[in-house]
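What follows is a single structure, written as structure tokens, with notes after it.
The values are calculated or read from the model by the stated rules, or taken from the named source; none is laboratory data. Nothing here was measured: the structure is a model prediction, and the numbers come from that model. FYI the Cβ positions are ideal-geometry reconstructions off the backbone, even for glycines, and counts take in every protein chain you see. Note: accessible area is taken over every heavy atom of the protein model, side chains too, but ligands, DNA and RNA are not part of it. Shrake-Rupley method; radii C 1.70, N 1.55, O 1.52, S 1.80 Å.
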Amino acid sequence: MIERCQEDTPRPRFGPRARTAVVLAAAALLAATSAAFLPGTASAGTTLGASAAEKGRYFGTAVAANKLSDSAYTTILNREFNSVTPENEMKIDATEPQQGRFSYGAADQIVSHARSRGMSVRGHTLAWHSQQPGWMQSMSGSALRQAMLNHVTQVATHFRGQVVAWDVVNEAFADGSSGARRDSNLQRTGNDWIEAAFRAADAADPNAKLCYNDYNTDNWTHAKTQAVYNMVRDFKSRGVPIDCVGFQSHFNNDSPYNSNYRTTLSSFAALGVDVQVTELDIQGAPANTYRAVVEDCLAVARCNGVTVWGIRDSDSWRASQTPLLFNNSGQKKAAYDAVLAALNNGTTPTDPPTNPPTTPPTNPPGGSCTATLQDGTRWGDRFNSTVTVSGASSWTVVVAVTSPQKISSTWNGSPTWDSSGNVMTMRSNGSGNSFGFTTMANGNWNRPVVQSCTAS
């Protein structure tokens, strides 16, 4: 989540492929049984969790331990959801308030409540620059690195076998157009700190899915989205144990939902990771936007599910923006009906490909042709890219680079640019179904993005 006010028997080791198989099997079991475990009369088609499970997904919510004594709160929780994420109870300040002294009471309470009712649990979060206890804030260098790794190991070990997925690292990239890592005490321990955290989590809880989680990564054209994409691609190429990417999706007037959201989800999924909507809330709770987000997840086979960040508006960290599916009194809003309809109208996902493509499907859904971008040669100040078009012999492709990048040369097409000089429209000129271009990096090495492909 974005920064805010404070709010046994040993298991055998599994490699990444074995872990995926185990977790997929567990997910299938959950999908088949979750409705039966839900109290009351919940059944497929009538509640969020049961309807999602029918599609092989989960529909979850963030839970606060101090609200589990509120019967109105737990009535909705138990009826509607088949997954929970502790809102603050698993964060660093809650689980290790003093160095080496761990406290799990509140988190254990949430986990017990969920699992006794057949709900799955997402762990949130093991390593984060925010909500660190004072002792960690004052540390740096190798001492901080070791303390962070010990925290990851101890917490993941405590909940081993009880958590289906961990947000191992949270919010490690900076906002804005730089595409850079966030400057934090953890980042200053070395650029490999994220990889180190994932390897520690893998050793401690080898059967759980391991996720990277962030906000403002929903728009495919944003530099921050591309930076996270490049990190995940690098991790997958080098065998770093990453299984999933979480998109917080805190949408508001300053950070609105964009129609390329589905492209973002599908592009990350094409790297061979699962994608999850992890902290969804939308200012004003517009029904059409809630419906679109759920439909986008359902359209991507590797989108496991959706978690809303709270139950009633009064439970939200953004309560004044009324961003959730239930009002303060616990009544269903129009957005709830839209989400339930989307879940009931959705299709059951097909199995993900065993050999996912190394590059994402870069054309937005609904395009009449497909344009796939491939990275080319890189030099000290520039790099080449090639775009291959299929599905049309005459085409128009729109490509965007991220400022201050500039396209310096092209071949095998007829280009025009918009007023910014960063969006190129390339039209076929009879030279075949591919074209290329050179981008001057100017310090920004994000890969270009194909925005659309249209047969002409």
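Contact map, segment 386-413: residues that are under 26 Å from SER178 (Cα atoms) and among the hydroxyl-bearing types (Ser, Thr, Tyr) paired with residues that are at pLDDT below 85 and open to solvent by 50 Å² or more (accessible area, probe 1.4 Å), Cβ distance under 6 Å, separation 6+ or inter-chain. Pairs shown: THR386/GLN374. Restricting attention to segment 113-145, the residues being open to solvent by 30 Å² or more (accessible area, probe 1.4 Å), in contact with a helix residue (DSSP H, G or I) (Cβ under 7 Å, 6 or more places away or on another chain) and part of a loop (DSSP other than H, G, I, E, B) number 3. The residues of segment 146-204 that are of a type in the set (A, V, I, L, M) and in a loop (DSSP other than H, G, I, E, B), listed by number, are VAL163, VAL164, ALA172, ALA174, ALA180, LEU186.
Annotation note: Cβ proximity below 9 Å between a residue of segment 93-112 that is under 14 Å from GLN154 (Cα atoms) and assigned to a strand (DSSP E or B) and a residue that is open to solvent by less than 50 Å² (accessible area, probe 1.4 Å) and of a type outside the set (Ser, Thr, Tyr) (sequence gap 6+ or interchain) occurs for GLN98/PRO133; GLN98/TRP135.
When restricted to residues that are in contact with a strand residue (DSSP E or B) (Cβ under 6 Å, 6 or more places away or on another chain) and open to solvent by 30 Å² or more (accessible area, probe 1.4 Å), segment 429-454 contains 7. Go through the residues of segment 404-427 one by one and say whether even a single one is touching a Cys at 6+ places or on another chain (Cβ under 6 Å) and not in a strand (DSSP E or B). No, the conditions are met nowhere in segment 404-427.
Residues of segment 369-403 that are among the acidic types (Asp, Glu) and either in a strand (DSSP E or B) or on the phi > 0 side of the Ramachandran plot (or both): ASP375 alone. Inside segment 155-191, residues that are within 18 Å of the chain's Cα centre (by Cα) and among the charged types (D, E, K, R) make up a count of 5.
Hey, can you tell me all the residues within segment 283-314 that are of a type outside the set (Gly, Ala, Ser), within 19 Å of ILE76 (Cβ to Cβ) and open to solvent by 10 Å² or more (accessible area, probe 1.4 Å)?
Within segment 283-314, ARG312 is the sole residue that qualifies.
Against the test of being more than 25 Å from LEU271 (Cβ to Cβ) and buried (at least 18 other Cβ atoms within 10 Å of the Cβ), the options THR396, THR425, THR372, THR410 yield a single qualifying residue, THR396. Could you check segment 196-216 and list, in sequence order, the residues that are over 13 Å from VAL228 (Cα atoms) and open to solvent by 30 Å² or more (accessible area, probe 1.4 Å)? Within segment 196-216, ARG199, ALA203 qualify. Residues in segment 428-456 that are within 34 Å of the chain's Cα centre (by Cα) and more than 28 Å from ARG181 (Cβ to Cβ): 8 in all.
Only one entry of SER184, SER177 meets the criterion of being open to solvent by 20 Å² or more (accessible area, probe 1.4 Å) and either of a type in the set (Ser, Thr, Tyr) or touching an Asp or Glu at 6+ places or on another chain (Cβ under 8 Å) (or both), and that entry is SER177. Pairing each residue of segment 53-80 that is hydroxyl-bearing (Ser, Thr, Tyr) with any residue that is surrounded by fewer than 17 Cβ atoms within 10 Å (Cβ to Cβ) and part of a loop (DSSP other than H, G, I, E, B), provided the two are 6+ apart or on different chains, yields C-beta distances under 8 Å for TYR73/GLY330; THR74/LEU68; THR75/GLY330. ALA127 falls short on exactly one of the conditions (1) small (Gly, Ala, Ser); (2) under 17 Å from the mean Cα position of the chain (by Cα); (3) on the phi > 0 side of the Ramachandran plot, and that condition is (3). What are the residues in segment 205-230 that are aromatic (Phe, Trp, Tyr) and not in a helix (DSSP H, G or I), if any? Of everything in segment 205-230, those that are aromatic (Phe, Trp, Tyr) and not in a helix (DSSP H, G or I) turn out to be TYR212, TYR215, TRP220.
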